[in-house]
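Quick notes on the structure that follows.
The values are calculated or read from the model by the stated rules, or taken from the named source; none is laboratory data. Keep in mind that what you see is a predicted model, and the values were worked out from it rather than measured. Note that each Cβ is placed from the backbone with ideal geometry, even for glycine, and that neighbours are counted across all protein chains shown. Areas reflect the complete protein model, heavy atoms only, side chains present, ligands, DNA and RNA absent. Shrake-Rupley method; radii C 1.70, N 1.55, O 1.52, S 1.80 Å.
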Amino acid sequence: MKNKLLRYLIRRFFLYLIIFLISLTAFFFFLNLVPGDPVTRYVQELEARYGLATPVSEEIIKEYKEAFGLDKNLFARYTSYLKRLVLNFDFGPSFVAFPTPAFQLILDAFPWSIGLLGVAVIVSWTLGILLGTILGWKRESKGASFALVLGLILSQVPTYLLALILVMVFSFVLGIFPMGGAYSPLIEKGFNLRYIIDLLYHAFLPAMSLILVYTFGTMISQRALVINILGEDYIKLAEAKGLKSNRLISRYILRNTLLPQTTGLALSLGFIVNGFFLIEWIFNYPGIGRLFMTAIRQMDYNVLMGITVNTMFWVLTANFIIELLYPLIDPRIRR
Amino acid sequence: MRIFKSSPKFTVGVIIISILIVIALLEPTINNHRLGGHSSTEIGLYETSLPPSKEHPFGTDAYGRDVFSLILTGLKYSLLIGFIAGGLATLIAVVLATTAGYKGGWLDAFITTVSNAILIIPSWPILAIIVLFVRKVDLFFLSLILAFFSWAGSSRQIKPQIASLKERPYVELARVTAFSDIEIMFKEILPNFLPYIFVGFSYAVTGTMMAETALRLVGLGPADIPSLGQILNWALYAGALAQGHYFLVLTPIVILILLFVSINLINVGLDEVYNPRLKQITGV
Amino acid sequence: MDTILEIQDLKVYFRTIFGDAKSLDGASLRVYEREVLGIAGESGCGKSTLVEGALKLVKPPGYIHSGKVLYNGRNLLELDDEEFRKIRWKELSYIPQGSMNSLNPVIKIEEQMIDGIISHIDISYPDAKEIALEALSDVGLPSDVAQMFPHELSGGMRQRVCIAMSICLRPKIIFADEPVTALDVVMQKLNLQTIGELKERFGVTVVMVAHDMAWHAEVADRIAIMYAGKIVEIGTTSDIFGKPLHPYTKGLLDAVPSLERRFSKSIPGIAPSPLSWPSGCRFHPRCSYKMGVCEEIDPPLIEIEKDHFVACHIYGGR
């Protein structure tokens, strides 16, 4: 039985690998098939912004294209990109912060993003499940309808819009929280308490943007799951057995919601990351979201590609890891 | 019609979105009247940064534009793009879901895998890069790429229903009478799907509107068809927050939230009505 | 014999958009100690509802309208949830219909059994496990079943697990709701036998709900016949099969295939709807012995001979 499981997991691994490669390829080719290339676009931007009377000479453009390998044909570019990527983790030099490799920039920004995102997602998911279970169990109570309506509304607000509202109200109007950044400019970094508190202080609003929306979203789905489960036969028998409520709720209801909720989490990750880019931008948080925005403004092709590939990779990996957990959660999948 | 009676959520959702759609439809008339033929995005029509007054209910922005008219135009375009892109996405989703569900087998598995992959992978950075590097992004192209990334979500709503309908007797009957596969799919199966297609459509609309707003917020996208997201972007870049012009920022956000929430209410309401288990247990 | 449980005029209704469906509309009966009492009737007559009502397992949109369930001198329906919970399983246990889905899919069999045990008696986990394993062997299941998950067992085995669970705490009464309906014929015989033996081996009272009269013939000491939400006849098994009084009972028995008759007769007409029961005696539209009074007055359940009750105007009544 163990063998079958192993083979199944290996198959899934290859599936993810293929999806990653195909997405990467599709993305690469799509980008290069649309009219316009980075250098020409960059030049156009410059011309538009600075109103250059004389067009940039063809030679300079050609030189830059060569430097960035844009003159070779599509397939050659693709293979060289792939080779560099896999062998050296090399995304190429950053267009703008030349010659710092794009990889370095991304590496510096990544921990900030993961820290904020990771904590926010875990908190939301857990809190949402707890609240949703209570809501489903005690749906007759007065607070329940109110919580439900509140949840229905809040869960549909895009995280970045909520971020704007929060920053507007709490930073600009009320001045309680800082407007941006991850830490105060003059603070001494390191493992001291002041720094940590400062970090938390700065991370609070960005985290809240995500937590408020996602907690309520999870709460609503959990409530529906719990209500569904309450109608199942095994709950009837569990009640007939006179199990104490705590046991009933944790082992008979919660455990049966774990699988759908985990799947839900995996599927939502891409969606959460989408909003996260914008949240970082709004709060000027030094993660890959902000890096991406800067790169957009400066049309830094390599950084943009690098971030996209990186994000794709991590989201797919997270999904795969979560899939690995399935047999642990639901014994029916172990076969 | 019983939907309206049995689900207050659905009713509220429909009311809100209908009001918004009506306002958007009236936008040309209202703006013509208020601006005398000028476009609401025209710079320098009025004095800059005026506070709210009778003439300018929301004041003017840093470019001298009347905020009220601007927001109406934004609403119009947000809805327009949302519906067009959403419609495209739904079309793709329906065609693919019907084909996959009806044919089954490896085609089904393939389409499901593709749609799951699109769902899982974060689409915003990819969209951003595409919009950034394509020289001319017009309404059609924008809708097309928005639809490309949205159809997967829509398809998830539609697929399971199609799979179940395949087994229904009248389908068997049609098969026996030698209608071609395509004919069966479109004449017999589709018409019964309308409620589910509608749900798929509303998911697609929300999805595309959210993606579009996310793009516009950072300034990407055709500036000549300003949606509410674009307006927000202009406001932020002109320093509305720092200068305390909260109206300029708050109003587009509130309208966007109303749009998303109302469509979602419609979805939830429909789900409650068509999902009997939930109803029975909650005693609704 | 002593009465261990008495149900008095129990009514369980279901709220619908058309009004209340009166699935159980005034059922009264006594359960004697150490007997196997069968409850028989067509689908929809309210027999499952009777058990669910007595055990307070009724879920919305159903609700207990009125009635009493007397046990140990107390009306169970008046107990609050926690008091009732304490009596559950330890004194009144339950074997559900459709055991296919009655086991929690994500935890092991032994854990589910132990859950039931330690919710009522304060013993250690290993001791509870002992009890569980013993119960499993009592019903003839191998002990490695304990480590398995429900989906790894066949339907018949799952049913036996439910039977095993119900005897763990040596309850006073076991309510079994269609315990063998979903099984194949061989498993049916096997499980019925096990249920029948419960009385002998553990001194427990069994109330078994089943629509198939043949099963009652196998294991029941007394049988209560239900129709349209009410009890229409109660008697010992030999009385019911030998001297059936109520026309419906006769109809039920005629429908059972036998070696002597060539054809089985079905009862004419269709079962009425709980949303609008017929007036007077609810069986009158389908009864071949109908009299004028049957359309107007609902006959009460009266004792015609020793321990043989019937609700029918043929045998006199008020």
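A few comments on the model shown:
- Candidate set: region B:214-227, residues that are among the aliphatic types (A, V, I, L, M) and more than 10 Å from every other protein chain (Cβ to nearest Cβ); chosen: the one nearest to the chain's Cα centre (by Cα): B:I225
- Those residues of region B:108-126 which are more than 7 Å from chain A (Cβ to nearest Cβ) and in contact with a helix residue (DSSP H, G or I) (Cβ under 6 Å, 6 or more places away or on another chain), in sequence order: B:D108, B:I111, B:S115, B:I118
- Among the candidates A:L278, A:L265, A:L248, the residue that is open to solvent by 20 Å² or more (accessible area, probe 1.4 Å) and either within 14 Å of chain C (Cβ to nearest Cβ) or among the aliphatic types (A, V, I, L, M) (or both) is uniquely A:L265.
- Cβ-Cβ under 8 Å pairs, at least 6 apart or on other chains, region B:128-146 side within 11 Å of chain A (Cβ to nearest Cβ), far side small (G, A, S): B:V131/B:G221; B:F133/A:G36; B:V134/A:G36; B:R135/A:G36; B:V137/B:G221
- Residue in region C:58-79 that is within 14 Å of chain A (Cβ to nearest Cβ) and on the phi > 0 side of the Ramachandran plot present: no
- Region B:231-240, subset part of a helix (DSSP H, G or I) and of a type in the set (A, V, I, L, M, F, W, C), residue farthest from A:L278 (Cα to Cα): B:A240
- Of all the listed residues (C:A228, C:A220), the sole one being surrounded by 19 or more Cβ atoms within 10 Å (Cβ to Cβ) and under 13 Å from the mean Cα position of the chain (by Cα) is C:A220.
- Count of region C:146-157 residues, restricted to those that are crowded, with 18+ Cβ neighbours inside 10 Å and more than 27 Å from the chain's Cα centre (by Cα), is 2.
- Within region C:153-170, being assigned to a helix (DSSP H, G or I) and touching a residue at least 24 places away in the same chain (Cβ under 8 Å) holds for C:G155, C:G156, C:R158, C:Q159, C:R160, C:V161, C:C162, C:I163, C:A164, C:M165, C:S166, C:I167.
- Going through (1) over 27 Å from C:E295 (Cβ atoms); (2) modelled with pLDDT of 85 or more; (3) of a type in the set (F, W, Y) one by one, C:F263 falls short only on (2).
- On the stretch given as region A:218-237, residues that are of a type outside the set (V, I, T) and more than 7 Å from chain C (Cβ to nearest Cβ) total 9.
- Of the residues in region A:301-311, not one is in contact with a helix residue (DSSP H, G or I) (Cβ under 9 Å, 6 or more places away or on another chain), among the aromatic types (F, W, Y), more than 9 Å from chain B (Cβ to nearest Cβ) and not in a loop (DSSP other than H, G, I, E, B).
- Subset of region C:36-57 (residues that are crowded, with 20+ Cβ neighbours inside 10 Å and part of a loop (DSSP other than H, G, I, E, B)): C:G41, C:C45, C:G46, C:L55, C:L57
- Hey, A:F283 more than 7 Å from chain B (Cβ to nearest Cβ) and surrounded by fewer than 23 Cβ atoms within 10 Å (Cβ to Cβ) or not: no
- All told, A:L259 falls short of being more than 10 Å from every other protein chain (Cβ to nearest Cβ), in contact with a helix residue (DSSP H, G or I) (Cβ under 6 Å, 6 or more places away or on another chain) and open to solvent by 10 Å² or more (accessible area, probe 1.4 Å).
- The residues listed here are B:Y196, B:Y246; of these, the one that is within 9 Å of chain A (Cβ to nearest Cβ), modelled with pLDDT under 80 and closer than 26 Å to B:S78 by Cα is B:Y246.
- Extreme residue, least open to solvent (accessible area, probe 1.4 Å), among residues of region A:173-187 that are under 16 Å from B:Q243 (Cα atoms) and more than 27 Å from the chain's Cα centre (by Cα): A:G175
Matching residues to (1) part of a helix (DSSP H, G or I); (2) in contact (Cβ under 8 Å) with a residue 40 or more places away in the chain:
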site	(1), (2)
C:G269	no, no
C:P272	no, yes
C:S276	no, no
C:G280	no, no
C:P285	yes, no
C:K290	no, no
C:V293	yes, no
C:I304	no, yes
C:F309	no, yes
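- Close pairs (9 angstrom Cβ cut-off, 6 or more residues apart or separate chains): in contact (Cβ under 8 Å) with a residue 12 or more places away in the chain and among the hydrophobic types (A, V, I, L, M, F, W, C) in region C:77-91, surrounded by 17 or more Cβ atoms within 10 Å (Cβ to Cβ) and assigned to a strand (DSSP E or B) anywhere: C:L77/C:L10; C:L77/C:I64; C:L77/C:G67; C:L77/C:V69; C:I87/C:Y71
Table: residues versus (1) open to solvent by less than 10 Å² (accessible area, probe 1.4 Å); (2) at pLDDT 85 or above; (3) assigned to a helix (DSSP H, G or I).
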{"residue": "B:L142", "(1), (2), (3)": "yes, yes, yes"}
{"residue": "B:S150", "(1), (2), (3)": "no, yes, yes"}
{"residue": "B:I182", "(1), (2), (3)": "no, no, yes"}
{"residue": "B:P191", "(1), (2), (3)": "no, no, yes"}
{"residue": "B:G229", "(1), (2), (3)": "yes, yes, yes"}
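- Candidates are the residues of region C:82-140 that are over 21 Å from A:D233 (Cβ atoms) and of a type in the set (V, I, T); the one that is least open to solvent (accessible area, probe 1.4 Å) is C:I87.
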